[in-house]
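Take a look at the structure below.
The values are calculated or read from the model by the stated rules, or taken from the named source; none is laboratory data. The structure displayed is predicted, hence computed values, not measured ones. Positions of Cβ are generated from backbone atoms using ideal geometry, with glycine treated the same way; all protein chains shown enter the neighbour counts.
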């Protein structure tokens, strides 16, 4: 499913920071991980991942270094910083609030059965 | 069908990518690695190389859209693009010529405006020198503003702003009854150009100063303008000297011509020409700017440190007996300008390095010097009371203190890896209005406040 642009913009930062909190990684692997985490439902334009990584690097959330990969090519590896971890924690709390509120809305909707459980939407 | 050559496909794709201004070699390398990983993965999954290549290219996305995203993230590159895109245009030569024509006309207008007071009988006599000093920025900066209003197509709203600002400038430079050689007059001479330069900033940015990255562009512009202006002034000085010398060989003294026509008109016109050069020749100066900051940052650091050490060793306090405090502030402003310019020309992508540590040392030593000056002024004021010079110096030192402290703090955090370079940039661009506000206060409020002394 393609997400709206706003939703993408809002969710991409915590997703990338969260993935990098698992350990150092590089663009291709992060894109793959996003696919795995969403069961293939989240599809990003791969090329957009890099400007995002660069912005997070500017903001000091990530630091990067170039190393030679096993393939023999130079590759840029990204690592989360202290500052990035702090931001991730803040974002985590914010998303929890949204998550809770939205779950409440979905639950109410399905209880009142005003909405006969649209495709793929599970109550609770 | 199987004759698809993967390598040539990839190099074509790369060639298209590196044609984008916003994308640097390192970005191409990063994206190429991604593409190859994707292709290898798809071939392992059983696809032919041509299929794998097509899918991988599609997943990376439309390169025009992707490169636009790069340009947004790296706004310094975007600035470059704006300038270069005008040159890749087919109508390049006519557009360039028209712009040059506009600049030439505006430069001539500025030069002519300088001579207008002569018609009213105000010429370069000693008693009129203060008049020319107060008004110099008004002779040239409005034309520079016109250039940017034309270039950024600001039309009526830009013209109204310019008219209001120029009127206010003329008013505050000429209506106040300054006492001859008074200090409030000198303060106006020093601060009015700064206030007017902000007007240039507003029309230069085109979007009325709203975004931080546009402000940073203006800082970059200001630094490069200063470099070009100095270069033109040096060249002009040499040329004038030679011309006067040649005429003196054949027994003609044209010194008066140089003093009343060539130098003042040239100085006014050069403001336009220097700005146009910054706009048009971005590529040339770009290589120079980082070099210049790298040369002068260590030198300034050395100079400030040796000043501090000498003070410490000899025990000489800052001499406030003479009213040189304003000059002292100017030196600190120069340091601040250097730091700002270095920040604006730095590639925000690179990790903190020795040069950033040097910058931090420069900021810290300037901070120390500022504190010492502040203590000296405060002592002077509590001892002998307020004068316009002392209050101006006090205000400027406090403003610089806050600005330098913020810069030092964000530099420190950046070097420690606790925050990105963008927070330092944001601090500095957010603070710019404070300088302007102070300049306006000094020009508008100080003379009446201190009785025009």
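Here is the figure for region A:44-60: residues that are in contact with a strand residue (DSSP E or B) (Cβ under 7 Å, 6 or more places away or on another chain) and either in contact (Cβ under 8 Å) with a residue 24 or more places away in the chain or more than 8 Å from every other protein chain (Cβ to nearest Cβ) (or both) total 2.
Among the residues of region B:33-54, those identified as touching a helix residue (DSSP H, G or I) at 6+ places or on another chain (Cβ under 6 Å) and surrounded by fewer than 19 Cβ atoms within 10 Å (Cβ to Cβ) are B:43, B:49. Only residues that are within 18 Å of the chain's Cα centre (by Cα), surrounded by 22 or more Cβ atoms within 10 Å (Cβ to Cβ) and within 14 Å of chain A (Cβ to nearest Cβ) were counted in region B:417-438, giving 2.
Is it fair to say residue A:39 is within 20 Å of residue B:41 (Cα to Cα), at pLDDT below 90, out of contact with any helix residue (DSSP H, G or I) (no Cβ under 9 Å at 6 or more places or on another chain) and more than 13 Å from chain B (Cβ to nearest Cβ)? Against the criterion (within 20 Å of residue B:41 (Cα to Cα), at pLDDT below 90, out of contact with any helix residue (DSSP H, G or I) (no Cβ under 9 Å at 6 or more places or on another chain) and more than 13 Å from chain B (Cβ to nearest Cβ)), residue A:39 qualifies. Taking each residue of region B:125-145 that is farther than 18 Å from residue B:108 by Cβ and looking for partners that are outside any helix (DSSP H, G or I) with beta-carbon atoms closer than 8 Å, six or more apart or interchain, yields B:128/B:122; B:130/B:178; B:130/B:180; B:130/B:181; B:131/B:122; B:132/B:124.
Are any residues in region A:4-36 part of a helix (DSSP H, G or I) and more than 14 Å from every other protein chain (Cβ to nearest Cβ), and if so, which ones? Once the filter is applied, which keeps residues that are part of a helix (DSSP H, G or I) and more than 14 Å from every other protein chain (Cβ to nearest Cβ), region A:4-36 yields A:6, A:7, A:10, A:11, A:14, A:15, A:18, A:19, A:20, A:21. Here A:75, A:67 are screened, and the one residue that is buried (at least 17 other Cβ atoms within 10 Å of the Cβ), within 12 Å of chain B (Cβ to nearest Cβ), assigned to a strand (DSSP E or B) and modelled with pLDDT of 85 or more is A:75. Scan region B:343-360 and tell me whether some residue there is more than 22 Å from residue B:446 (Cα to Cα), in a helix (DSSP H, G or I), at pLDDT below 80 and within 21 Å of the chain's Cα centre (by Cα). Checked region B:343-360: at least one residue is more than 22 Å from residue B:446 (Cα to Cα), in a helix (DSSP H, G or I), at pLDDT below 80 and within 21 Å of the chain's Cα centre (by Cα).
Considering only region B:128-140, I want to know if a residue exists there that is out of contact with any helix residue (DSSP H, G or I) (no Cβ under 8 Å at 6 or more places or on another chain), surrounded by fewer than 18 Cβ atoms within 10 Å (Cβ to Cβ) and closer than 23 Å to residue B:438 by Cα. No: region B:128-140 contains no residue that is out of contact with any helix residue (DSSP H, G or I) (no Cβ under 8 Å at 6 or more places or on another chain), surrounded by fewer than 18 Cβ atoms within 10 Å (Cβ to Cβ) and closer than 23 Å to residue B:438 by Cα.
Of the set (1) farther than 15 Å from residue B:265 by Cα; (2) modelled with pLDDT of 85 or more, all apply to residue B:169 but (2). Within region B:158-185, the residues that satisfy the criterion of being within 24 Å of the chain's Cα centre (by Cα) and surrounded by fewer than 20 Cβ atoms within 10 Å (Cβ to Cβ) are B:159, B:161, B:163, B:164, B:166, B:168.
Within region B:17-32, the set of residues being under 13 Å from residue A:47 (Cβ atoms) and loosely packed, with under 14 Cβ neighbours inside 10 Å is empty.
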